[in-house]
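Following: one structure in structure tokens, then a few remarks.
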Amino acid sequence: MTMQVVNREGEREDVRFDAIHDKLKTLTYGLDPNWIDPGHVTKLTIEGLYDGVTTRELDQLAAETAASLASQHPDYSRLAARICVDDLHRSTKTVFSEVITDLREYIDPESGKHAPLISEEVYSIIMANAEVLDNHIDYTRDHNYDYFGFKTLERSYLLRLYGEIAERPQHMLMRVAVGIHHSNITKALETYDLMSQGYFTHATPTLFNSGNPNTSDVIVFLTHHARRFT
């Protein structure tokens, strides 16, 4: 009996080694070809599958498999993160301003009341500059994280809606940049580029709360004390 996987549409289809391998091979661009073997990761992943596994579970298994090989070469950790990022990109919206709108319009499922995750001021600024901000984001930079770095963002920093992650890392960074600089879009784009290319990051309060309706003066103060990567 052929093992099958359940895709995102809820349909069952045969597990194909070549399809998994081709996807992983695509994600290895820029990694060390002398060490990173997508065929090996594919083989180990398939060995851990069971009939009826979902494609999201398959991605999770592939990421964990790649991460387990990081002791052989650190690029395996980057491959693991890219697998996670690819899954996140498939389950989130592409357009930054649309994600911000969803965060602004959030309704608390328990109270049934409007509970926006974005302040009115920041929301208005983003909507007024939506085309510039949307077009400036470079989602390929999400592939620069290693596994530990991405899982930290996933667990603690990317905003969620109804239990599911709504933000991509680049959405978070642009939200933070606009939350810091408000209507100074030139400075916001500069800060976004520097953060998304790994030149510096901000402390936890800024990353999590920037743009939030409850952002305090303390958070504003902390934005001027960026923590540089070492």
One residue from GLY198, GLY211 being assigned to a loop (DSSP other than H, G, I, E, B), surrounded by 19 or more Cβ atoms within 10 Å (Cβ to Cβ), at pLDDT below 95 and of a type outside the set (Phe, Trp, Tyr): GLY211
Residues within the stretch 1-29 that are surrounded by 12 or more Cβ atoms within 10 Å (Cβ to Cβ) and either among the aromatic types (Phe, Trp, Tyr) or outside any strand (DSSP E or B) (or both), tallied: 14
Counted residues, the stretch 155-195 - those being in a loop (DSSP other than H, G, I, E, B) and either of a type outside the set (S, T, N, Q) or in contact (Cβ under 8 Å) with a residue 24 or more places away in the chain (or both): 10
Cβ-Cβ under 6 Å pairs, at least 6 apart or on other chains, the stretch 197-208 side over 17 Å from HIS143 (Cβ atoms), far side small (Gly, Ala, Ser): PHE200/ALA226; HIS202/ALA226
Test for GLN72: is it within 25 Å of LEU159 (Cβ to Cβ) and either more than 18 Å from the chain's Cα centre (by Cα) or not assigned by TED's automatic domain parsing to the domain that holds GLU121 (or both): no
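The values are calculated or read from the model by the stated rules, or taken from the named source; none is laboratory data. Given the structure is predicted, the values throughout are model-derived calculations rather than measurements. Heads up, the Cβs are rebuilt from the backbone with ideal geometry, glycines too, and the neighbour counts pull from every protein chain shown.
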